[in-house]
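Worksheet: the structure to be examined is printed underneath.
Just so you know, all these numbers are worked out from the coordinates, no wet-lab data involved. Keep in mind that this is a model prediction, so the values were computed, not measured. In this analysis, Cβ positions are derived from the backbone assuming ideal geometry, glycine residues included, and neighbour counts consider all displayed protein chains.
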Number of protein chains: 2
Amino acid sequence: MGKVYIFGHRNPDTDSITSSLVMADFERKMGNEDVISCRLGKINKETEYVLNYLGIEAPKLIESVKDGENVILVDHNNPKESIENLDKVNILKVVDHHKIALETAYPLYYRAEAVGCTETILYKLYKENKLEIDKKIATLMLSAIISDTLLLKSPTTTECDKIAVKELSEIANIDPDVYGLELLKAGTDLTSFSIDEILHLDAKKIDFKQVKSIVNQVNTADISEVMKLKLDLETRMNEIINEENLDLYMLLITDIVNSNSQVIALGKSAKLVEKAYGVKLENNTALLKGVVSRKKQVVPIMTENA
Amino acid sequence: MGKVYIFGHRNPDTDSITSSLVMADFERKMGNEDVISCRLGKINKETEYVLNYLGIEAPKLIESVKDGENVILVDHNNPKESIENLDKVNILKVVDHHKIALETAYPLYYRAEAVGCTETILYKLYKENKLEIDKKIATLMLSAIISDTLLLKSPTTTECDKIAVKELSEIANIDPDVYGLELLKAGTDLTSFSIDEILHLDAKKIDFKQVKSIVNQVNTADISEVMKLKLDLETRMNEIINEENLDLYMLLITDIVNSNSQVIALGKSAKLVEKAYGVKLENNTALLKGVVSRKKQVVPIMTENA
């Protein structure tokens, strides 16, 4: 059937990158040789740490695929987070842990579960198909689960994620707490990023009903370090709001050690954040205590209040 | 978490009914006791044959579930084919073999594959989870796969369906060809149905782009027998078109022995059938040679030409 391009979402995080690599390994082991692991954007610092740790190459950077080509989507299904011409390619499979936002004109393989990380589902797929998980694959999976669940502390964490981390740590011969903290800290290093890059690092376009928004999340071990950039961040956020005709730009600065997020909210619907969380924005910012998960603690609450 | 209601699509066929029963068995075997196998409509003759063969009760007839209740969808995901308040209940899982037409505000378990029958996926789920398939469950699964694939002759048939039929026949100790023909023939018995019931037996609301349509499929061993009802069918079809403000009502009368369909097409977009299949409608009807699958041979072709 020709080449199959495998990729995660734009602004790829560790789950999107490693899932692309692992899914390609899975497909090859299932007999589909002609698969290409790809990515739709720059590797972040956290993922770089993983790739360096293993000494492996990043997936191939692509911007799009030609109409009619075969693709497999991992870690996303929302067309807004994918290639522009998603409606013109042939989606063979989706493996994902997000809400359903895809409409197709044809049946396809779709595997989603409400777990903390795509890699947890891929781990199950290896098990179900009795495939061996080697040390490298185990490390990739483990890294993504640690990343997405903030070391199993995020409210998105499920029993399945915990089981996967336990078994994968053993295969990889890694102490997840030690490795995990290093990994998460690597992800908080913003030194090589411009203000604009920070604002696109993990930016997702989300409509809270009629409220056209971007929610961007930046992990840190020290909120005050990031808040030093506040004025520059706000200037560029306002530009993005104008350029993309947004109602809201939410920047979540998430403290991975203490599990809180400082939010900076701009745009004409910024007050929605106050309503949703019962907080008062002062100079466009507020602390959202205990909020670390965009999926569980931002999207449903903001949608409900919009 | 309280009761979980499991059901297939409205105008349930053998796959929707048996998948509801089998999914409930699967969930119980996985430790979820509080599941209720349900159906959203009348049992058809074919399904009745299966239930009588096994001496088991039909799933519970329901019209809706209360807002906030937990549900599992089998054999469908399109809200148009489900309960009215699908957007207000909590969908725990979907197991289906149709195109994706569902949008959710939350992640969930979603398992779809482009195979001929939902039961083929359920068969895999038992295997993957190392659960035993007893004789009764095997017969339910086998019946649905025979029904949906017209004894493995429909173009929707995949290698997975064939493997499932082979193994399930052995467990059930059934000759699939002998049992299958009896089953399919039972489904062609229209004697107890009114004209209105025939026109709702397997009617699916489908939009071919802007063309608002119903496509209904009736299986028969003798097309001319059904065509005796043509005038009465057309009268009621025209009423349905007016009542539901449709652009097209397509009635496919499918010859399960010779694998052809006679189509009766009414409504202001009836000519779309001529364009899509290169046929001439005479007295609103034409023979579509080799067409037996609504999913593979109607939906994509009609959509492309709309």
(request) Give me the angle, in degrees from 0 to 90, between the Cα long axis of helix A:176-187 and the longest principal axis of the Cα atoms of chain A, rounded to the nearest 10. (result) 60 degrees
(message) Over the Cα atoms of segment A:4-186, each weighted equally, I'd like the Debye log10 I(q)/I(0) at q = 0.10, 0.19 Å⁻¹, rounded to two decimals.
(response) -0.35, -1.31
(message) Just to confirm the numbers: B:Glu33, label point 7 angstrom along the Cα-Cβ line, distances to the other copies in nm, shortest first?
(response) 5.3
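Relative contact order of segment B:148-296: what whole-number percent is it, with Cα pairs under 8 angstrom and at least 6 residues apart? Could you put the intermediate results ahead of the total?
Details: 206 pairs, mean separation 29.2, N = 149.
Relative contact order for segment B:148-296 comes out at 20 percent.
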(request) Treating each Cα of chain A as an identical point scatterer and ignoring solvent, apply the Debye formula and state log10 I(q)/I(0) at q = 0.16 Å⁻¹. (result) -1.37
(request) Shortest first and in nm with one decimal, please list how far the B:Glu225 label point sits from its counterparts in the other copies (point 7 Å along Cα→Cβ). (result) 7.8
(message) Across the protein assembly as shown, what fraction of all alpha-carbon pairs, as a whole percent, falls in each successive 20 Å bin from zero upward?
(response) 19, 48, 28, 5, 0
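Using alpha carbons only, what's the Rg to Rh ratio of segment B:53-149 with Rh from Kirkwood? Kindly include the intermediate steps, with their values, before the conclusion.
Working: Rg = 14.5 Å, Rh = 14.9 Å.
Value, to two decimals: 0.98.
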(message) On the rotation axis linking copies B and A, which residue of B comes nearest by its Cβ, and by how many whole Å?
(response) B:Glu128, 2
(message) Placing unit charges on C-beta atoms (Lys and Arg positive, Asp and Glu negative, everything else neutral), compute the dipole magnitude of segment A:4-186 about its Cα centre in debye, rounded to 20.
(response) 40 debye
(request) State the antiparallel share, in %, of DSSP beta bridges confined to the protein assembly as shown, rounding to the nearest 5. (result) 45 percent
(message) If you take every DSSP beta bridge fully contained in chain A, what fraction is antiparallel? Give it as a percent rounded to 5.
(response) 40 percent
(request) With a ≥ b ≥ c taken as the square roots of the eigenvalues of the C-alpha gyration tensor of segment A:207-306, please select rounded if a/c is under 1.5 and otherwise prolate if a/b is larger than b/c or oblate if it is not? (result) oblate
(request) Could you give the size of the charge dipole of the protein assembly as shown about its Cα centre, using +1 on the Cβ of each K and R and -1 on the Cβ of each D and E, expressed in debye and rounded to the nearest 20? (result) 500 debye
(message) Suppose only helical runs count, i.e. DSSP H with n ≥ 4. What mean residue ellipticity at 222 nm does that imply for chain A under -39500 (n - 2.57) per run, divided by all residues and rounded to the nearest 500 deg cm²/dmol?
(response) -11500 deg cm²/dmol
(message) Suppose you put the label 7 Å out from Cα in the Cβ direction; list, shortest first and in nm with one decimal, how far B:Lys275 is from each other copy's label.
(response) 4.4
(request) Take the alpha-carbon centre of segment A:245-306, take the same for segment B:36-112, and report the distance between them in whole Å. (result) 36 Å
